[in-house]
Amino acid sequence: MTVHDRDRLSMLFESALSRPAAERDLYLDEACSGDATLRRELASLLAAHTSAAEHFDALAASLHLAPPDDEQLVEALRAALAGTYRIERELGGGGMSRVFLAEEIALGRRVVIKTVPRETSAAVNLERFRREIAVIAQLQHPHIVPLLTANAGGQLLFYTMPYVAGESLRVKLAASGPLAVSEALAIWRDVLDALAHAHASAVVHRDVKPANILISGRNAIVADFGIARAIELSASPTNATITGPIGTPAYMAPEQANPHDPIDHRADIYSAGLVMYEMLAGRTPFRAATAREYITAHATQTPEPLPDRDIPPRVAELVMRCLAKEPEARPASANAILAELDDAPSAHGHRRLRRWMLAAAALTGVSVAMYAFRSNRAVPATSRSTRHVVADSVRQWYQRGKAEQHRRTREGSSVAMRLLERAVAADSEFANAWAAIALTAQFASIRGWHVNGRSPDSLVALAVRASRRAVDLDSTSVEAWTAAGKVAGTIDLEDRASALFALRRAIALDSNFAEAWFEFGLAEEEALDPKEAEHAWLRAAALDPANVQVLAFLAFHCLWYDDFAQGQRWADSAVALSPSYFLARDAAAYIAIARGQAATAARHAEAELRVGGHEPLIPPSILATAAIGQADTARATRFARQAESLVVNTSRPSKHEVSYLAAALAAVGDTSRAIRWLTAYSPRGDLHFQLHLKRDPGLRWIARVQPALLTPEPGTSR
Amino acid sequence: MTTSPPPEVSFTPLLDALARGERDALHTLFPLVYEELRAVARRQRRGWRGDLTLETTALVHEAYLKLVDQARVSAASRAHFLAVAAKAMRQILCNYAMHKRRLKRGGGIEHVPLDTDADVPEGPDLSDEHTAMLTALDDALRTLETVDRRQAEIVECRFFGGMSIDDTAEALATSPATVKRHWTLARTWLYREMKLRILDADA
């Protein structure tokens with residue numbers, strides 16, 4: 001091969017690499033035009049490319065050679081940042097990520113820009129990542145390095161944070177070895193304070209380690225909150241690139257090693273214990289060198305006792321308790337550790353109070369996107385419900401009201417509303433009753449029902465007011481946060497971040513509350529994250545196996561992702577538990593249609609008709625679609641027309657009804673009418689509507705015929 | 001750590017010649033830089049007074065940085081100097097890897113006195129895996145030199161010298177775009193060769 005050939009080879013190789021992987025074969029066919037040897041050579045090189053880059057970097061690192069700067073990355077970053085940030089210099093990276101010091105041009109301030117490793121960012125759904133970051137960006141605390149933005153340029157994903165002058169605890173420990181007990185305690189308190197605040201907002205750090213703790217003056221500030229989790233949550237479910245555990249093996253809690261184990265704030269407690277251990281001992285409590293050894297050590301090894309020095313026994317005992325293998329055996333929360341430290345005699349008796357004032361000061365003037373959470377951000381996490389005693393009679397009204405609401409019928413909602421309003425009239429500080437009112441009003445409003453003289457619009461207003469009141473009254477009530485999440489998801493359909501934020505907070509308060517998991521699943525499904533949704537719904541079903549709503553949504557989920565056999569099992573269980581529940585019937589019917597069992601579908605629709613009254617367009621729509629399955633076009637057309645005529649008689653059909661009507665019209669071959677109905681109900685402003693359009697087997701044709709309907713309209717709210 | 005005196009050799013005239021395209025200058029310059037790099041490494045070694053915590057490769061790299069830092073070369077010829085030093089780095093590291101393999105094959109019977117045959121002072125070992133990779137890389141680079149000498153030089157600069165695309169382009173009198181393109185190809189090509197060599201050796 002001549003040098004000229006090498007030039008050609010390098011040009012073709014570069015050009016092939018610049019194309020999406022799926023197009024490369026085609027490109028090679030064209031570019032090599034019959035030169036089989038050249039084509040083989042290029043294909044072989046392309047196959048080796050990714051491993052080659054990784055192995056060269058790894059070899060360079062192991063030989064202590066500086067890996068050549070990935071100029072492409074820096075260039076891509078510069079291009080993506082042009083006009084906004086000016087890169088000053090690279091600060092060095094942790095692991096595969098790169099860290100840059102930059103100037104934010106508009107404000108003239110220094111920021112730190114971190115890139116997400118390319119292998120990881122390729123798997124990340126940017127929109128989702130942004131939403132997750134938006135949740136984290138709401139954390140405001142003197143000991144948390146706030147996140148400013150997250151963005152992408154080409155394949156590059158990066159996020160920014162303010163520049164904190166100082167060194168990391170990693171550097172400090174490397175330079176000075178074990179710290180004085182008083183200094184270690186001061187740093188630990190700051191870290192725990194930051195964790196307590198984040199955990200109260202349902203944000204788990206998942207990568208607490210000395211390198212993420214910055215020492216600035218006399219303060220310790222924790223960086224990279226929730227990034228690990230955000231990356232994990234936003235990884236596309238079909239992409240298997242991110243398979244291993246996310247975190248740093250040396251500081252990872254035992255349960256973090258298994259990606260399927262649920263992780264909660266106690267993983268951070270474990271890591272915080274390790275950090276404190278290292279500050280006191282100058283080394284980690286395990287004899288391990290490699291990632292694998294560390295993971296095994298966390299799971300099996302007993303930590304070595306702390307060295308015999310001037311450590312107060314109560315502190316030593318507390319640190320060792322943080323290192324318990326079982327999350328249940330660790331201190332329950334960061335706040336609990338702080339309380340124990342405060343009880344222990346120390347010179348820092350007054351620090352806590354000052355911290356609170358600092359935290360409160362940091363919060364003043366911070367614009368918080370979520371309407372409901374403004375007032376209680378600075379409220380200490382004590383439960384009002386424990387102080388507020390509800391009279392038995394009031395509690396009974398509340399419980400009966402909830403039971404009525406669970407019937408999920410128009411009548412049920414009406415009775416529930418009367419009972420719950422009676423409850424709050426008698427006791428206006430009963431947070432959970434307000435939460436139940438919010439849920440009842442929200443449920444009725446999206447179905448277009450009038451309840452006790454209230455129009456759907458005034459029901460929305462009531463839902464907002466009631467959920468806000470519930471959270472204000474008791475910021476530790478899981479029901480209040482669940483209602484707030486549900487309502488936030490309704491009033492601004494574009495804004496899943498607020499809903500997810502509130503629901504996470506609910507789950508953090510009580511991870512055994514099935515309703516919160518259910519709502520979380522729904523919000524995730526609407527955010528088009530089926531993996532997370534299914535996980536949440538399975539949790540909800542495990543906690544409350546008789547919850548027909550959860551079973552019905554699991555059935556729909558299976559319908560949407562073409563797992564009809566499993567879907568039928570869920571739907572059958574839901575129907576068996578509650579034969580009059582319309583969603584169970586809907587799910588069962590559409591799964592039957594998908595499986596070619598038109599008669600079964602018709603049976604479910606007729607059963608729904610007999611119960612009557614919920615979403616009247618749906619049974620005839622199902623019957624029309626089922627009739628097409630039996631090749632009875634005349635019958636199908638009759639039912640489709642019947643469904644359409646009902647729109648006129650219904651004051652306000654729900655969007656569910658409209659989507660099923662459209663599916664029926666399309667089934668009988670009238671796509672243009674179907675599109676007209678769908679367009680009339682502004683699907684672009686409604687993520688739940690979008691969900692049906694994108695996932696219902698009867699509506700997937702929309703993507704081909706009318707793709708514009710599937711583009712959400714930014715910033716629309718209902 | 002003792003402060004090393006600055007290199008006594010003046011590289012500048014040779015670097016200027018190299019910059020003018022006189023490739024012969026390289027034959028004179030290279031042994032000078034190579035010797036100097038070894039000397040710096042030896043001085044550092046003594047400076048450590050028996051502290052064995054640093055790996056040999058780290059030591060060589062330290063020496064490289066020091067040499068680059070101390071050599072009084074003009075800004076105009078800096079890139080050329082870096083390229084020569086990168087070549088020296090390759091030689092030292094690869095010799096070290098080969099020496100280590102010889103020792104291993106000889107079961108440790110063959111004794112190689114420090115600072116004569118071995119190019120660098122001993123430290124904790126390079127792992128067997130990396131020794132194998134380094135040797136395979138050197139072999140593959142030799143093959144690449146016969147196919148496309150420029151690409152091999154780019155690898156020396158980028159990999160062994162840690163030089164930027166721009167510095168490499170300047171030293172080799174070509175454009176950054178060309179360096180980038182060849183680096184991408186050469187890295188992949190070498191990796192494929194190395195894999196074959198390591199597999200062969202294992203078989």
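Since every read-out is calculated from the coordinates, none of them should be taken as a lab result. The shown structure was predicted, so the numbers you read here are calculated from the model rather than taken from an experiment. Heads up, the Cβs are rebuilt from the backbone with ideal geometry, glycines too, and the neighbour counts pull from every protein chain shown.
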- In debye, nearest 20: dipole of segment A:506-596 around its Cα centre with unit charges on the Cβ of K, R (+) and D, E (-)? 400 debye
- Message: Tell me the net charge near B:ALA79. Cut-off is 10 Å between Cβ atoms, B:ALA79 excluded, with +1 for each Lys or Arg and -1 for each Asp or Glu.
- Response: -2
- Task: List A:VAL705, A:VAL208 from most exposed to least, where exposure is judged by having the fewest other Cβ atoms within 10 Å.
- Result: A:VAL705, A:VAL208
- Once fully extended, how much extra length lies between A:ASP510 and A:LYS325, figured as 0.36 nm per residue of separation less the alpha-carbon to alpha-carbon distance? 64.5 nm
- Label-to-label distance, nm, for residues given as A:LEU126 and A:ARG673 (7 Å Cα→Cβ offset): 4.2 nm
- Sequence order, segment A:595-602: Karplus ³J(HN,Hα) from phi using 6.51 cos²θ - 1.76 cosθ + 1.60, θ = phi - 60°, Hz rounded, Gly and Pro as x, gives 8, x, 9, 4, 5, 4, 4, 4
- Item | Net charge of Cβ neighbours under 12 Å - reference B:GLU153; Lys, Arg +1; Asp, Glu -1 | +3
- What is the distance, in nm, between label points placed 7 Å from the Cα along the Cα-to-Cβ direction at A:ASP29 and at A:ASP5? 2.6 nm
- Residues whose built amide H sits under 5 Å from the amide H of A:ASN125, excluding neighbours closer than 5 in sequence, are A:ALA235, A:SER236
- Note on the structure: The simple spin-label model distance between A:ARG465 and A:ARG40, using points 7 Å out along Cα→Cβ, in nm, is 7.9 nm
- Task: For each pair in A:LYS209/A:LYS486; A:LYS402/A:LYS694; A:LYS114/A:LYS209, compute the distance between the two Cα atoms and list the pairs where it is over 25 Å.
- Result: A:LYS209/A:LYS486; A:LYS402/A:LYS694
- For A:THR149, residues with placed amide H under 5 Å, excluding near neighbours: A:THR160
- So who's got an amide H within less than 5 Å of the one on A:GLU167, skipping anything under 5 residues away but keeping other chains? H placed 1.01 Å off N, in plane. A:ILE215
- Message: I'd like the FRET efficiency for B:ALA39 and B:ARG142, computed as 1/(1 + (r/R0)^6) with the beta carbon distance as r and R0 of 25 Å, rounded to 0.05.
- Response: 0.40
- Principal axes of segment A:136-225: Cα extent on each, largest first, Å: 46, 29, 21
- Task: Take the alpha carbon atoms of segment A:452-501, find their center, do the same for segment B:126-203, and report the distance between the two centers in whole angstrom.
- Result: 61 Å
- Task: Name all residues of segment A:211-232 having a backbone nitrogen under 13 Å from the label point set 7 Å from the Cα of A:VAL171 along its Cα→Cβ direction, giving them as ranges.
- Result: A:211-217
- So if R0 is 25 Å, what FRET efficiency would A:SER428 and A:ALA403 give, r being the distance between their Cβ atoms, rounded to the nearest 0.05? 0.65
- Query: Most exposed first by the Cβ proxy, i.e. fewest other Cβ within 10 Å, how do A:SER51, A:SER271, A:SER333 rank?
  - Reply: A:SER51, A:SER333, A:SER271
- Message: If R₀ is 51 angstrom, what is the calculated FRET efficiency for the pair B:LEU32 and A:ALA79, using the beta carbon separation as r and rounding to 0.05?
- Response: 0.80
- Query: If you count, for every residue in B:129-136, the Cβ atoms of partner chains within 10 Å of its Cβ, what is the mean?
  - Reply: 2
- Query: What are the ³J(HN,Hα) values, in whole Hz, obtained from phi via the Karplus relation 6.51 cos²θ - 1.76 cosθ + 1.60 with θ = phi - 60°, for each residue of segment A:570-579 in sequence order, with x given for Gly and Pro?
  - Reply: 5, 5, 4, 4, 5, 5, 5, 6, 8, x
- Task: Sort A:SER621, A:SER645 so the one with the fewest other Cβ atoms within 10 Å of its own Cβ comes first.
- Result: A:SER645, A:SER621
- Query: In percent, how large is the relative contact order of segment A:548-706, given Cα pairs closer than 8 Å and 6 or more residues apart?
  - Reply: 16 percent
